[in-house]
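Asks: Questions regarding the structure given below will be posed in turn.
The values are calculated or read from the model by the stated rules, or taken from the named source; none is laboratory data. Here the structure is a predicted model, which is why all the values come from computation and not from measurement. Here the Cβ positions follow ideal geometry from the backbone for every residue, glycine too, while neighbour counts run over all protein chains shown. SASA here: full protein model, heavy atoms, side chains in, ligands and nucleic acids out. Shrake-Rupley method; radii C 1.70, N 1.55, O 1.52, S 1.80 Å.
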Amino acid sequence: MRLILLGPPGAGKGTQATRLEDKFGIKQLSTGDMLRAAVASGSEVGRQAKAVMERGDLVSDDLVIGVISDRIDQDDVAGGYILDGFPRTVAQAEALGALLAKKGSRLDVVIEMQVDDAALVDRISGRFSCGKCGEGYHDRHKKPAKDGICDKCGSTEFKRRADDNAETVASRLKVYHEQTAPLIAYYREQGLLRSIDGMADIDMVTGAMVEILEGIAATSGKAAAK
Ligand code: AMP
(Lines give C-alpha, C1' and ligand atoms only; values in the text may rest on other atoms or scores of the structure.)
Protein backbone atom coordinates (compact mmCIF):
# COMPACT_ATOMS: atom_id res chain seq x y z
CA MET A 1 0.00 0.00 0.00
CA ARG A 2 1.42 3.40 -1.02
CA LEU A 3 -0.34 6.47 0.21
CA ILE A 4 0.12 10.18 0.74
CA LEU A 5 -1.17 12.09 3.76
CA LEU A 6 -1.85 15.58 2.47
CA GLY A 7 -2.64 18.52 4.71
CA PRO A 8 -1.27 21.73 6.23
CA PRO A 9 1.38 21.77 8.95
CA GLY A 10 -0.22 20.78 12.26
CA ALA A 11 -3.06 18.83 10.62
CA GLY A 12 -1.90 15.69 12.44
CA LYS A 13 -0.24 13.89 9.51
CA GLY A 14 2.67 12.65 11.63
CA THR A 15 0.44 11.43 14.47
CA GLN A 16 -1.89 9.59 12.11
CA ALA A 17 0.98 8.16 10.07
CA THR A 18 2.44 6.61 13.23
CA ARG A 19 -0.90 4.99 14.00
CA LEU A 20 -1.31 3.65 10.44
CA GLU A 21 2.27 2.40 10.53
CA ASP A 22 1.43 0.25 13.59
CA LYS A 23 -1.88 -0.92 12.19
CA PHE A 24 -0.91 -1.78 8.61
CA GLY A 25 2.79 -2.54 9.05
CA ILE A 26 3.87 0.01 6.45
CA LYS A 27 6.52 2.66 7.06
CA GLN A 28 5.96 6.36 7.55
CA LEU A 29 8.30 8.38 5.35
CA SER A 30 8.45 11.98 6.56
CA THR A 31 10.65 14.29 4.49
CA GLY A 32 10.56 16.77 7.40
CA ASP A 33 12.03 14.09 9.75
CA MET A 34 14.63 13.13 7.14
CA LEU A 35 15.66 16.77 6.65
CA ARG A 36 15.79 17.42 10.43
CA ALA A 37 18.05 14.35 10.79
CA ALA A 38 20.24 15.70 7.97
CA VAL A 39 20.47 19.09 9.71
CA ALA A 40 21.34 17.41 13.04
CA SER A 41 24.06 15.31 11.39
CA GLY A 42 25.57 18.34 9.64
CA SER A 43 25.51 16.58 6.23
CA GLU A 44 25.63 18.47 2.94
CA VAL A 45 21.84 18.07 2.54
CA GLY A 46 21.38 19.38 6.09
CA ARG A 47 23.61 22.40 5.45
CA GLN A 48 21.54 23.30 2.39
CA ALA A 49 18.21 22.81 4.17
CA LYS A 50 18.82 24.41 7.60
CA ALA A 51 18.20 28.13 6.96
CA VAL A 52 15.32 27.43 4.56
CA MET A 53 13.55 25.28 7.18
CA GLU A 54 14.09 27.89 9.90
CA ARG A 55 12.31 30.45 7.71
CA GLY A 56 9.42 28.06 7.07
CA ASP A 57 10.08 27.96 3.32
CA LEU A 58 10.34 24.84 1.19
CA VAL A 59 13.72 23.35 0.42
CA SER A 60 14.37 22.91 -3.29
CA ASP A 61 12.41 20.32 -5.23
CA ASP A 62 15.64 18.73 -6.50
CA LEU A 63 17.03 18.27 -3.01
CA VAL A 64 13.89 16.72 -1.53
CA ILE A 65 13.18 14.55 -4.59
CA GLY A 66 16.75 13.20 -4.28
CA VAL A 67 16.15 12.36 -0.60
CA ILE A 68 12.85 10.57 -1.20
CA SER A 69 14.00 8.79 -4.33
CA ASP A 70 16.89 7.16 -2.41
CA ARG A 71 14.55 6.24 0.46
CA ILE A 72 11.79 4.55 -1.55
CA ASP A 73 14.40 2.33 -3.20
CA GLN A 74 15.25 0.65 0.10
CA ASP A 75 14.11 -2.91 0.85
CA ASP A 76 12.23 -2.09 4.07
CA VAL A 77 9.62 -0.11 2.13
CA ALA A 78 9.15 -2.59 -0.72
CA GLY A 79 5.72 -3.46 0.73
CA GLY A 80 4.56 0.15 0.85
CA TYR A 81 4.78 3.42 2.73
CA ILE A 82 2.93 6.44 4.03
CA LEU A 83 4.30 9.68 2.63
CA ASP A 84 4.05 12.47 5.21
CA GLY A 85 5.07 15.94 4.01
CA PHE A 86 5.90 14.85 0.46
CA PRO A 87 5.01 15.86 -2.22
CA ARG A 88 4.58 19.54 -1.39
CA THR A 89 4.61 21.02 -4.90
CA VAL A 90 3.18 19.93 -8.24
CA ALA A 91 6.76 19.46 -9.51
CA GLN A 92 7.42 17.02 -6.62
CA ALA A 93 4.16 15.16 -7.37
CA GLU A 94 5.15 14.82 -11.03
CA ALA A 95 8.62 13.58 -10.06
CA LEU A 96 7.07 11.03 -7.67
CA GLY A 97 4.73 9.81 -10.41
CA ALA A 98 7.71 9.35 -12.74
CA LEU A 99 9.76 7.52 -10.07
CA LEU A 100 6.89 5.12 -9.37
CA ALA A 101 6.16 4.55 -13.06
CA LYS A 102 9.83 3.63 -13.59
CA LYS A 103 9.47 0.96 -10.90
CA GLY A 104 6.17 -0.26 -12.35
CA SER A 105 4.26 0.80 -9.23
CA ARG A 106 1.70 3.47 -8.39
CA LEU A 107 0.01 5.28 -5.53
CA ASP A 108 -3.09 3.69 -4.00
CA VAL A 109 -4.63 6.79 -2.45
CA VAL A 110 -4.06 10.38 -1.34
CA ILE A 111 -5.84 11.25 1.91
CA GLU A 112 -6.45 14.96 2.38
CA MET A 113 -6.89 16.14 5.99
CA GLN A 114 -9.10 19.21 6.09
CA VAL A 115 -8.34 21.55 9.04
CA ASP A 116 -9.03 25.23 9.86
CA ASP A 117 -6.01 27.55 9.82
CA ALA A 118 -6.96 29.05 13.20
CA ALA A 119 -6.78 25.63 14.87
CA LEU A 120 -3.40 24.93 13.29
CA VAL A 121 -1.60 27.84 14.92
CA ASP A 122 -2.83 26.66 18.33
CA ARG A 123 -1.93 23.04 17.65
CA ILE A 124 1.57 23.77 16.38
CA SER A 125 2.59 26.42 18.87
CA GLY A 126 2.02 24.11 21.87
CA ARG A 127 3.39 20.85 20.59
CA PHE A 128 6.43 18.94 21.81
CA SER A 129 7.54 15.32 21.75
CA CYS A 130 9.49 12.76 23.70
CA GLY A 131 13.17 12.97 22.81
CA LYS A 132 13.51 9.19 23.04
CA CYS A 133 10.41 7.50 21.56
CA GLY A 134 8.91 10.45 19.68
CA GLU A 135 5.49 10.32 21.40
CA GLY A 136 3.71 13.61 20.71
CA TYR A 137 2.37 15.95 23.42
CA HIS A 138 0.77 19.40 23.66
CA ASP A 139 1.03 22.12 26.34
CA ARG A 140 -2.73 22.50 26.54
CA HIS A 141 -4.37 19.47 24.89
CA LYS A 142 -2.19 16.50 25.78
CA LYS A 143 0.22 16.80 28.70
CA PRO A 144 2.10 13.73 29.99
CA ALA A 145 0.10 12.10 32.82
CA LYS A 146 3.06 12.75 35.17
CA ASP A 147 4.67 16.09 34.54
CA GLY A 148 8.03 15.75 32.78
CA ILE A 149 7.80 11.96 32.22
CA CYS A 150 6.88 10.37 28.90
CA ASP A 151 3.72 8.21 29.23
CA LYS A 152 4.98 5.75 26.67
CA CYS A 153 8.66 5.13 27.48
CA GLY A 154 9.34 6.92 30.80
CA SER A 155 12.00 9.23 29.37
CA THR A 156 12.38 12.68 30.93
CA GLU A 157 13.77 14.32 27.80
CA PHE A 158 11.45 16.26 25.55
CA LYS A 159 12.05 18.35 22.45
CA ARG A 160 10.37 21.11 20.46
CA ARG A 161 10.89 21.78 16.78
CA ALA A 162 12.84 24.95 15.96
CA ASP A 163 10.23 25.92 13.33
CA ASP A 164 7.19 25.57 15.66
CA ASN A 165 7.09 29.27 16.59
CA ALA A 166 4.33 31.74 15.70
CA GLU A 167 6.30 33.58 13.01
CA THR A 168 7.48 30.50 11.14
CA VAL A 169 4.07 28.84 11.46
CA ALA A 170 2.46 31.78 9.62
CA SER A 171 4.92 31.44 6.79
CA ARG A 172 4.52 27.63 6.64
CA LEU A 173 0.75 28.04 6.31
CA LYS A 174 1.15 30.61 3.53
CA VAL A 175 3.53 28.29 1.70
CA TYR A 176 1.03 25.44 2.11
CA HIS A 177 -1.83 27.40 0.56
CA GLU A 178 0.29 28.73 -2.31
CA GLN A 179 2.40 25.72 -3.21
CA THR A 180 0.93 22.55 -1.72
CA ALA A 181 -2.86 23.03 -1.82
CA PRO A 182 -2.84 22.82 -5.67
CA LEU A 183 -2.07 19.11 -5.16
CA ILE A 184 -5.65 18.63 -3.97
CA ALA A 185 -6.98 19.34 -7.47
CA TYR A 186 -4.01 17.51 -9.04
CA TYR A 187 -4.81 14.24 -7.26
CA ARG A 188 -8.57 14.70 -7.53
CA GLU A 189 -8.16 14.76 -11.31
CA GLN A 190 -6.22 11.50 -11.09
CA GLY A 191 -9.09 9.93 -9.12
CA LEU A 192 -6.80 9.30 -6.14
CA LEU A 193 -8.10 11.88 -3.65
CA ARG A 194 -10.12 11.09 -0.52
CA SER A 195 -10.86 13.93 1.90
CA ILE A 196 -11.53 13.58 5.62
CA ASP A 197 -12.36 15.95 8.48
CA GLY A 198 -9.05 16.55 10.26
CA MET A 199 -10.81 18.59 12.98
CA ALA A 200 -12.55 15.49 14.33
CA ASP A 201 -11.34 13.66 17.43
CA ILE A 202 -7.95 11.99 16.87
CA ASP A 203 -9.41 8.44 17.11
CA MET A 204 -12.18 9.31 14.68
CA VAL A 205 -9.63 10.61 12.17
CA THR A 206 -7.71 7.34 12.48
CA GLY A 207 -10.98 5.42 12.07
CA ALA A 208 -11.85 7.31 8.88
CA MET A 209 -8.40 6.57 7.44
CA VAL A 210 -8.52 2.90 8.40
CA GLU A 211 -11.90 2.60 6.70
CA ILE A 212 -10.49 4.07 3.47
CA LEU A 213 -7.43 1.81 3.58
CA GLU A 214 -9.43 -1.33 4.44
CA GLY A 215 -11.65 -0.57 1.47
CA ILE A 216 -8.63 -0.37 -0.81
CA ALA A 217 -7.11 -3.52 0.69
CA ALA A 218 -10.34 -5.42 0.16
CA THR A 219 -10.55 -4.51 -3.52
CA SER A 220 -6.83 -4.82 -4.33
CA GLY A 221 -5.85 -7.84 -2.22
CA LYS A 222 -3.23 -5.78 -0.35
CA ALA A 223 -2.33 -6.26 3.33
CA ALA A 224 -5.23 -5.47 5.64
CA ALA A 225 -4.98 -3.94 9.11
CA LYS A 226 -3.47 -6.07 11.89
P1 AMP B 1 7.42 19.05 8.15
O2 AMP B 1 8.05 18.28 9.25
O3 AMP B 1 6.76 18.18 7.11
O4 AMP B 1 6.50 20.13 8.66
O5 AMP B 1 8.61 19.81 7.37
C6 AMP B 1 9.44 20.76 8.04
C7 AMP B 1 10.17 21.61 7.02
O8 AMP B 1 11.00 20.77 6.21
C9 AMP B 1 9.27 22.34 6.02
O10 AMP B 1 8.78 23.57 6.54
C11 AMP B 1 10.23 22.54 4.85
O12 AMP B 1 11.16 23.58 5.10
C13 AMP B 1 11.01 21.22 4.85
N14 AMP B 1 10.34 20.18 4.02
C15 AMP B 1 9.79 19.01 4.44
N16 AMP B 1 9.29 18.31 3.42
C17 AMP B 1 9.49 19.06 2.31
C18 AMP B 1 9.17 18.91 0.93
N19 AMP B 1 8.51 17.82 0.49
N20 AMP B 1 9.55 19.90 0.08
C21 AMP B 1 10.21 20.98 0.51
N22 AMP B 1 10.53 21.22 1.79
C23 AMP B 1 10.18 20.26 2.70
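Asks: Enumerate the pairs (first residue in the stretch 111-138 and farther than 29 Å from residue 216 by Cα; second residue anywhere and part of a helix (DSSP H, G or I) and open to solvent by less than 30 Å² (accessible area, probe 1.4 Å)) with beta-carbon separation below 7 Å, excluding pairs fewer than 6 apart on the same chain, so at least 6 apart or on different chains.
Replies: Once the first residue is farther than 29 Å from residue 216 by Cα and sits in the stretch 111-138, its partners that are part of a helix (DSSP H, G or I) and open to solvent by less than 30 Å² (accessible area, probe 1.4 Å) give 117/173; 120/173; 121/169; 124/169; 125/169.
Asks: Could you pull out every one of the helices (runs of 4 or more DSSP H) wholly within the stretch 28-104 that has 3 or more residues that are touching a residue at least 40 places away in the same chain (Cβ under 8 Å)?
Replies: Once the helices (runs of 4 or more DSSP H) in the stretch 28-104 are filtered for at least 3 residues that are touching a residue at least 40 places away in the same chain (Cβ under 8 Å), what remains is 31-41, 44-55, 90-103.
Asks: Out of everything in the stretch 115-129 that is touching a strand residue (DSSP E or B) at 6+ places or on another chain (Cβ under 6 Å) and not basic (Lys, Arg), what residue ends up being modelled with the lowest pLDDT?
Replies: Checked the stretch 115-129; the qualifying residue modelled with the lowest pLDDT is 126.
Asks: If I ask for residues that are among the charged types (D, E, K, R) and in contact with a helix residue (DSSP H, G or I) (Cβ under 9 Å, 6 or more places away or on another chain), which ones from the stretch 14-31 would you list?
Replies: If the condition is that a residue be among the charged types (D, E, K, R) and in contact with a helix residue (DSSP H, G or I) (Cβ under 9 Å, 6 or more places away or on another chain), then 19, 23, 27 are the ones that fit.
Asks: Does the stretch 169-188 contain at least one residue that is away from the ligand (no atom under 16 Å from the Cβ) and closer than 30 Å to residue 95 by Cβ?
Replies: The answer is yes; a qualifying residue exists.
Asks: Residue check, residue 178 against (1) out of contact with any helix residue (DSSP H, G or I) (no Cβ under 7 Å at 6 or more places or on another chain); (2) surrounded by 12 or more Cβ atoms within 10 Å (Cβ to Cβ), all met but one. Which one?
Replies: (2)
Asks: Would you tally the residues in the stretch 48-98 being near the ligand (Cβ under 8 Å from one of its atoms), among the aliphatic types (A, V, I, L, M) and under 25 Å from residue 25 (Cα atoms)?
Replies: 2
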